[in-house]
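One structure below.
The values are calculated or read from the model by the stated rules, or taken from the named source; none is laboratory data. Predicted model only: the values in this text are computed from it and were never measured. We place every Cβ from the backbone using ideal geometry, glycine too, and count neighbours over all the protein chains shown.
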Amino acid sequence: MSTFQWQDSYSVGIDAIDAQHKILIDLIDNLGKVESGNGDLRDVMDKLDWYVRKHFSLEESMMRDGNYPDLEAHMAEHRDFEKWLASAQSHMATGGLDMGILANTINDHLQEWLQHHILVVDMNYKGKLGG
């Protein structure tokens, strides 16, 4: 499992959003502890679920306040991610899967999704919202 680290290229120019993105990256990186047997996948996923909702709420509020024209499409991306996360948590609850392998699969998807979301979707509002 590869580590996931903050890069300056991920900055959207809004300190509060960048700070939350850094925390999300750290949470995703914590999945590596699960794969190595030093962490609890359910705990990491519960923290991720809580924090994602907090982050999406702030981001959507800022977009609403800034009259961001692509708010609806951006919110749809967030809702799709929340559905994926709920599905992943459901797979964990059914058991029968090796938690290390599941953690690796989830980690790979989360890294890919968050990188795309920040570098493509979130960058669309860079310079358009107050921060």
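I'm trying to understand the selection: among the residues of region 77-130, which are hydroxyl-bearing (Ser, Thr, Tyr) and either under 18 Å from Lys47 (Cα atoms) or touching a helix residue (DSSP H, G or I) at 6+ places or on another chain (Cβ under 7 Å) (or both)?
Ser87, Ser90, Thr105, Tyr125
Across region 59-71, what is the total count of residues that are surrounded by 14 or more Cβ atoms within 10 Å (Cβ to Cβ) and assigned to a helix (DSSP H, G or I)?
Within region 59-71, residues that are surrounded by 14 or more Cβ atoms within 10 Å (Cβ to Cβ) and assigned to a helix (DSSP H, G or I) number 5.
Give His55, His78, His74 a once-over and let me know the one that is assigned to a helix (DSSP H, G or I), under 22 Å from Lys128 (Cβ atoms), in contact with a Phe, Trp or Tyr (Cβ under 6 Å, 6 or more places away or on another chain) and not charged (D, E, K, R).
From the options His55, His78, His74, the qualifying one is His78.
Identify all residues within region 81-117 that are part of a helix (DSSP H, G or I) and charged (D, E, K, R); write none if there are none. Break it down stepwise before answering.
Within region 81-117, the first condition is being part of a helix (DSSP H, G or I), and the residues that meet it are 81-94, 99-117.
The answer is Glu82, Lys83, Asp108, Glu112.
Could you list all residues from region 72-108 that are exposed (fewer than 15 other Cβ atoms within 10 Å of the Cβ) and under 21 Å from Phe56 (Cβ atoms)?
Glu72, Ala73, Ala76, Arg79, Asp80, Glu82, Lys83, Trp84, Ala86, Ser87, Ser90
Please enumerate the residues belonging to region 23-44 that are at pLDDT 80 or above, under 17 Å from Glu112 (Cβ atoms) and of a type in the set (A, V, I, L, M, F, W, C).
Once the filter is applied, which keeps residues that are at pLDDT 80 or above, under 17 Å from Glu112 (Cβ atoms) and of a type in the set (A, V, I, L, M, F, W, C), region 23-44 yields Leu24, Ile25, Leu27, Ile28.
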